[in-house]
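Peer 1: Got a structure here, written out as structure tokens. Questions coming.
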Amino acid sequence: MDMAGFAGRAGMGLLASALGCGIALAQGWQHVGKVQRVEKLKDGVELIAGRAKVRVTIFRDGIFRVRLAPDGNFPKDFSWALVESPEPPAVKVEENQEEIRVISGNIVAAIQKAPLLISFSDAAGTLYLADEPDLPMAWNGKRVHVWKKMPADENYYGLGDKAGPMNRRNRSFTNWNTDEFGWQESSDPLYKTIPFFIGLREGMAYGVFFDNTYRSVFDFGKESADYFFFGAEGGELNYYFIAGPEPKKIVEEYTAMTGRSPLPPLWALGYQQSRYSYYPESRAREIVKTLREKKIPADAIYFDIDYQQGNAPFTINREYFPTFEKMIFDFRAQGMHSILITDLHIKKDPNHGYAPYDSGTKDDVFVKNPDGSVYVGTVWPGDSVFPDFTLTRVRDWWGGLYKDFVGMGAAGFWNDMNEPSLFMRADKTMPLDTRHRLDDRTSIDHRAIHNVYGMQNVRATYEGLRKLQPDERPFVLTRAAYSGAQRYAATWTGDNSSTWNHLKMSTPMLLSMGISGYPLVGDDIGGFAGSPTADLLTRWFEVGALNPIYRDHTAKGTADQEPWVHGPEHEAIRRKYIELRYELMPYLYTGIEEMSRTGLPLMRPVFLEYPQASDFYGDNRDFLFGRDLFVAPVTTDMVDAEEISLPPGDWYDFWTNAKLSSAKQIILHPRLEEMPLYVRAGAIVPMQPVVQSTEEKPQGPLQLRVYLPDAASSGDCRGTLYQDDGHTFAYQKGEILRVNYSCQVSSGAATVTSNIDKNAFQPWWKSAVVTIYGAATTPKEVRIGEQPIREWRYDTTTHAVTLTVLDALKNWSVRLAF
């Protein structure tokens, strides 16, 4: 019997039982039925099942796309998220009476015909993902849904900045960009919509990207222990299956599809000082002066809405900031970059010379009501209008508004409130029936655009800055996002709170963002809402030093939150960790450059590097900073001991340089100034002397730390150094330095080798101080190349050999003979 009208169990509490091949009407869900005809396409197949059509096609090797058209008519193929439309690879289609097999390389999509059910496996038959047998994909009016089998041991990660544990299993989530001040563990939805997740079990991973901008839901077993599901209130059932099995491969493939974070300016990776708000001008100057006098390294200061006249974007309050331009110039001369907030709401202020409103009205750039009038909502400036960022010409107009600020020397821009967030409305956003115009002269309502509105806002900012300063890398910070927004802006976790619980929650949120394709992330150090205790703020400064973005920020009316508050003891500890970040800048920047090429986050969960280490599947505290540093931050006002399990292999304590095995459980009682930090045996970590900002040239040679592994694992002894000018796009023309380091260990010797891969950029250093840890005894001889040297020392406490390579910008090797 044709099952095109079959209705069965459905998501979000809508359940009914399937009655064999009969028709069971329940809650209006229409499930796709039996395949009646198969049409082969150049990249896959189209399946006809009653009125409905389903396409299963190959996007790229190992990536399948599934689309459902309930009425048989596929909409115009368009995505806000995707950046590539590759030529599909060779595809093979096989068919028998029961199923169709679409094969791409080593991955098979098997499509059962009656009813239409899809499963994905590798050529050996290992199953990745399969439809729930009783629940074929379905629609209910404009709603669309798909249900998948849920193995008992499968874990789910991703979806961006969701609160609570990193593993999403047994919970349900909604994607609808929402201004959620003071969010908590149970708060959902939050600021971003990233409808992408990774499934992981027994070391094998796959990814799913549901490219639908409407309000969507992902339920990973809250409704049923047998299946998980995802769907949306409107739009197309259009998802991509990404085969693994390695989790890193999933992240790389997904970011190849949706774009990767561009290489930011080096200064953006330094310490950033912020609050709501630094005003008047004398207060901002005092902050910068104190940072420099106290020798606390810093690279950026933020200006929140109080620098504006009446909170109107692109204005300056001259009462508060009488010499705003000179202030920015003076800060820049001290290596301090000014970041200005520019919210997307434009004050409705006719006939007063407010250029953004006047020019926007003239050029017809604002969002409209259904009747064609301009929509007006209330935000910080009062009555406000909103640019229609879905139009290219409006994005161009918005980008041009930055001309004056860029001319003043402002270095970065902060697009906040861009969910979009509005006051005096229960839903905190613009009405769902407001209209957004598209470049093809059609329009669509806010239901479809809400989740991409903030993304198009920062796209307009980023592209505008690229035009205004073609040779300078922009820095843009956004609160709202959709998949792909990482192409334009860094982000943070929004309005968190000054509690130990929020410090604890920050790591899983940042890790989730990174594996969701959004790696340039941070949180408000110390918390935004409330005032942290001294110990809490210090602990937050410690872990924040090893987050991708390092910004101290707090709300209006809270206590001061700069590094020097709470007295000299706390100031010294906070300075220590800020300095650690600057010492690690060569390693950090090298990891960020890898991020821009591969999409792999610098801050990553342990399972990304060690997918077989299932003990870390539920670890929400610890993380890897790059491949080589393992961080076990203190996130509680602890009295009890801190228990630490190391990832597989041998590790060194970063502070003591003692060598440790992952087989040994570590129990510590860290003092306030101690954050447990470990280095992988086999790591080669480039570092530098402390500077007060990234603009300052380090005084001294490059510092290279080599952590020797055992002889059996010395094949994985390696490291990399990447450097460029830190702010222009000359790196895209090859003006870079890339050095590859390696080491070999045997019973009687250890050799460290440096090979120059690219040397079209001249760094600040010529020589390198090389410290080799793990030398159990004093070497009998030390050679650089073939030449024995006398100038070296051995530390019996740290078991380290230290020497200087004078001409380190050439290929060299160091050999220790024991």
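The values are calculated or read from the model by the stated rules, or taken from the named source; none is laboratory data. Quick caveat, the model's predicted, so the values are computed rather than measured. Counting neighbours? That spans all protein chains shown, and the Cβs are built from the backbone with ideal geometry, glycine included. Protein only, heavy atoms only, side chains kept; ligands, DNA and RNA dropped before computing areas. Shrake-Rupley method; radii C 1.70, N 1.55, O 1.52, S 1.80 Å.
Peer 1: What FRET efficiency comes out for the pair Asn740/Ser373, r = Cβ-Cβ distance, R0 = 60 Å, nearest 0.05?
Peer 2: Using R0 = 60 Å, I get an efficiency of 0.45.
Peer 1: At a 1.4 Å probe, what is the % contribution of carbon and sulfur to the accessible area of region 313-372?
Peer 2: Taking all protein chains in place, region 313-372 shows 51 percent carbon and sulfur surface.
Peer 1: Run the dipole for region 665-818 about the Cα centre, Lys and Arg Cβ at +1, Asp and Glu Cβ at -1, nothing else charged, and hand back the magnitude in debye, nearest 20.
Peer 2: The dipole magnitude comes to about 320 debye.
Peer 1: If you put +1 on each Lys and Arg Cβ and -1 on each Asp and Glu Cβ, how big is the dipole of region 294-406 around its Cα centre, in Debye rounded to 20?
Peer 2: In debye, rounded to 20, region 294-406 gives about 340.
Peer 1: Moving on to the next point. Just subtract the alpha-carbon distance of Thr804 and Thr728 from 0.36 nm times their residue separation and send over the number in nm, one decimal.
Peer 2: 24.2 nm
Peer 1: Would you please give the FRET efficiency between Leu660 and Lys556, computed as 1/(1 + (r/R0)^6) with r the Cβ-Cβ distance and R0 = 41 Å, to the nearest 0.05?
Peer 2: So the FRET efficiency works out to roughly 0.35.
Peer 1: Quick one: which residues, 5 or more positions from Phe475 or on another chain, have an amide H under 5 Å from its amide H? H modelled 1.01 Å from N in the peptide plane, none for Pro or chain starts.
Peer 2: Correct list: Phe413.
Peer 1: Which percent of the accessible area of region 680-818 is formed by carbon and sulfur heavy atoms (probe 1.4 angstrom)?
Peer 2: In region 680-818, the share of accessible area belonging to carbon and sulfur is 46 percent.
Peer 1: Of the listed values (i) 27.8, 88; (ii) 25.5, 77; (iii) 30.0, 94, identify the label whose number matches Rg and Dmax of the Cα atoms in Å calculated from this model.
Peer 2: Here Rg and Dmax of the Cα atoms in Å agrees with entry (i).
Peer 1: Peptides 699-712, 619-632: what's the order by average Cβ count within 10 Å, highest mean first?
Peer 2: Highest to lowest by the protection proxy: 619-632, 699-712.
Peer 1: Which FRET efficiency value, to the nearest 0.05, do you get for Lys697 and Asp71 by plugging their Cβ-Cβ distance into 1/(1 + (r/R0)^6) with R0 = 51 Å?
Peer 2: 0.20
Peer 1: Of Leu546, Ile784, Gln665, whose Cα points farthest to the positive end of the dipole of the chain (charges on the beta-carbon: +1 Lys, Arg; -1 Asp, Glu; origin at the Cα centre)?
Peer 2: Checking the options against the dipole of the chain, the answer is Ile784.
Peer 1: Net charge around Lys780, counting only other residues with Cβ within less than 15 Å of its Cβ (Lys, Arg = +1; Asp, Glu = -1)?
Peer 2: Counting the neighbours of Lys780, the net charge comes to +3.
Peer 1: Here is a follow-up. Between Asn501 and Ser224, what length in nm is gained on full extension when 0.36 nm per residue of separation is reduced by their alpha carbon distance?
Peer 2: 96.8 nm
Peer 1: Compute the distance in nm between two label points, each set 7 Å from the Cα along the Cα-to-Cβ direction, one at Ile444 and one at Ser79.
Peer 2: Label at Ile444, label at Ser79, 1.4 nm between them.
Peer 1: Provide the solvent-accessible area of Lys34, counting protein heavy atoms only and rolling a 1.4 Å probe, rounded to the nearest 10 Å².
Peer 2: Using a 1.4 Å probe on the heavy atoms, I get roughly 90 Å².
Peer 1: Among Asn755, Tyr488, Val691, flag the residue with its Cα farthest along the positive direction of the charge dipole of the chain, charges on Cβ as +1 for Lys/Arg and -1 for Asp/Glu.
Peer 2: After comparing all options, I get Asn755.
Peer 1: What accessible surface, in Å², does a 1.4 Å probe find on Lys347, ignoring ligands, DNA and RNA and rounding to the nearest 10?
Peer 2: Accessible surface of Lys347 is approximately 50 Å².
Peer 1: Where both partners of a DSSP beta bridge lie in the chain, what percent of those bridges are antiparallel, to the nearest 5?
Peer 2: 85 percent
Peer 1: Round to the nearest 10 and report in Å² the accessible area of Ser121, as given by a 1.4 Å probe over the protein chains' heavy atoms.
Peer 2: 20 Å²
Peer 1: Give the ranking of Glu233, Glu84 by solvent-accessible surface, highest area first, calculated with a 1.4 Å probe.
Peer 2: Correct descending sequence by accessible area is Glu233, Glu84.
Peer 1: Treating only the Cβ of Lys, Arg, Asp and Glu as charged (+1, +1, -1, -1), what charge dipole size does the chain show about its Cα centre? Round to the nearest 20 debye.
Peer 2: 1040 debye
Peer 1: Using a Cα-Cα cut-off of under 21 Å, which lysines could be cross-linked to Lys222, ignoring same-chain neighbours fewer than 8 residues away?
Peer 2: Output for Lys222: Lys148, Lys149, Lys162.
Peer 1: Roughly how many percent of the accessible protein surface of region 422-552 is carbon and sulfur, given a 1.4 Å probe and a whole-percent answer?
Peer 2: 52 percent
Peer 1: Order Val91, Val406, most accessible first, counting only protein heavy atoms with a 1.4 angstrom probe.
Peer 2: Result, largest first: Val91, Val406.
Peer 1: For Thr361, Thr590, write out the residues from largest to smallest accessible area, computed with a 1.4 angstrom probe and no ligands counted.
Peer 2: Ranked list, largest accessible area first: Thr361, Thr590.
Peer 1: A further question on this structure: Using a cut-off of 10 Å between beta-carbons, work out the net charge of the residues near Ser742 (Lys and Arg +1, Asp and Glu -1, Ser742 not included).
Peer 2: 0
Peer 1: Using a 10 Å cut-off on Cβ atoms, rank the peptides 662-669, 795-802, 478-485 from the highest mean neighbour count down.
Peer 2: 478-485, 795-802, 662-669
Peer 1: Keeping every protein chain present and rolling a 1.4 Å probe, give me the accessible area per residue for the chain in Å².
Peer 2: 36 Å²
Peer 1: I've got another one for you. How large is the helix-only mean residue ellipticity at 222 nm for the chain, computed as the sum of -39500 (n - 2.57) over DSSP H runs with n ≥ 4, divided by its residue count, in deg cm²/dmol to the nearest 500?
Peer 2: -5500 deg cm²/dmol
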